[in-house]
1. Surrounded by fewer than 23 Cβ atoms within 10 Å (Cβ to Cβ), in contact (Cβ under 8 Å) with a residue 24 or more places away in the chain, part of a helix (DSSP H, G or I) and in contact with a Ser or Thr (Cβ under 7 Å, 6 or more places away or on another chain): does that describe A102?
2. When only residues in region 27-80 that are hydroxyl-bearing (S, T, Y) and assigned to a helix (DSSP H, G or I) count, which is farthest from A16 (Cα to Cα)?
3. Applying the selection to region 105-118, what residues are without any contact (Cβ under 8 Å) to a residue 40 or more places away in the chain, surrounded by 15 or more Cβ atoms within 10 Å (Cβ to Cβ), in a loop (DSSP other than H, G, I, E, B) and out of contact with any Leu (no Cβ under 9 Å at 6 or more places or on another chain)?
4. Any residue that is surrounded by 12 or more Cβ atoms within 10 Å (Cβ to Cβ), in a loop (DSSP other than H, G, I, E, B), modelled with pLDDT of 80 or more and over 24 Å from the mean Cα position of the chain (by Cα) - is there at least one of those in region 222-245?
5. Working carefully through the options G174, G207, find the one that is under 26 Å from the mean Cα position of the chain (by Cα) and on the phi > 0 side of the Ramachandran plot.
6. Going through G133, G146, G95, G169 one at a time, which residue ends up being open to solvent by less than 10 Å² (accessible area, probe 1.4 Å) and more than 23 Å from S49 (Cβ to Cβ)?
7. Could you go through region 4-19 and let me know if any residue there is under 28 Å from F151 (Cα atoms) and either assigned to a helix (DSSP H, G or I) or out of contact with any Lys or Arg (no Cβ under 7 Å at 6 or more places or on another chain) (or both).
8. Kindly indicate whether R264 is farther than 25 Å from R134 by Cβ, at pLDDT below 90, basic (K, R) and out of contact with any His (no Cβ under 6 Å at 6 or more places or on another chain).
Amino acid sequence: MTTHRVSDEAWRALAADAREHGLGLHFHLLESPAQAGSARALYPEGTLSRLESLGVFETRASAAHFVQATARDMADAARLGLRVVMNPGSNMRLGNGAPPVAAMMDAGIRFGLGTDNCALDDNEDYLSELRLGRLLGRSASAAPAGQLRSFLAVATEWGAEAAFLGGTGLIRDGFKADLVAIDLAAAEGVYMDPQTRALEAVLARAGGQDVAMTMVGGSILHDRKAPARQAAERIRAAAGRTAAETRLDAGTWSLASRLSEALRSR
């Protein structure tokens, strides 16, 4: 949901329900110039201050985008513990500008990274998007080593927090065995300085094609060594299940068509 399109009454109800059931609230926030202009006209006291008054931050909260955030918005987000999910490729492709990564880092905001199903290269390559996000954050005041650690956290610990996932994001006793193995043989290319740290190599050169294994909750979901046919069959089966679960019925299609026509006529 987009912040300025939700009434105060709905925000209060959503916040109360999330608080009662121990859930988090995730919403779009200040993505486009138009959204930012509407929010500032509706909430002169500040968008996050208004949400705070409605009880939104009495539960866990995360927001996507935050591209048009001002210094005041940054300070409020840090104070309230808001987790942000930046989507740099999508934001730039849609003409909304680049997310203020360096400013968020300097403000002490913990953020994750997503693709918004619209990655820069149309390939949904998470490591490529992570690299883009890191480049946007290079002007932050943190030292290079600190930036490296921060962007490891963006893809792990901080990302888990933004998705309200407990017990994951770190390799630690009692945490879930959610792991990824990356083969850097191809990323080394013709030459890589022998002193280059593994994390630096991953963030500078690795892509999805270099992922050798993924494990979720101790179960291996992807193994590059598995026969290609078996892997392809698993992917097709999973895609089929997802399509069946998300397919719209005739009534929903009709409602969507009427809604689309009404919006175009405004």
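1. Against the criterion (surrounded by fewer than 23 Cβ atoms within 10 Å (Cβ to Cβ), in contact (Cβ under 8 Å) with a residue 24 or more places away in the chain, part of a helix (DSSP H, G or I) and in contact with a Ser or Thr (Cβ under 7 Å, 6 or more places away or on another chain)), A102 qualifies.
2. Per the criteria, the residue is S38.
3. T115
4. Scanning region 222-245 turns up at least one residue that is surrounded by 12 or more Cβ atoms within 10 Å (Cβ to Cβ), in a loop (DSSP other than H, G, I, E, B), modelled with pLDDT of 80 or more and over 24 Å from the mean Cα position of the chain (by Cα).
5. G174
6. G133
7. No, region 4-19 contains no residue that is under 28 Å from F151 (Cα atoms) and either assigned to a helix (DSSP H, G or I) or out of contact with any Lys or Arg (no Cβ under 7 Å at 6 or more places or on another chain) (or both).
8. yes
The values are calculated or read from the model by the stated rules, or taken from the named source; none is laboratory data. These figures come from a predicted structure and were not determined experimentally. In this analysis, Cβ positions are derived from the backbone assuming ideal geometry, glycine residues included, and neighbour counts consider all displayed protein chains. The area values use the complete protein model at the heavy-atom level, side chains included, leaving out ligands, DNA and RNA. Shrake-Rupley method; radii C 1.70, N 1.55, O 1.52, S 1.80 Å.
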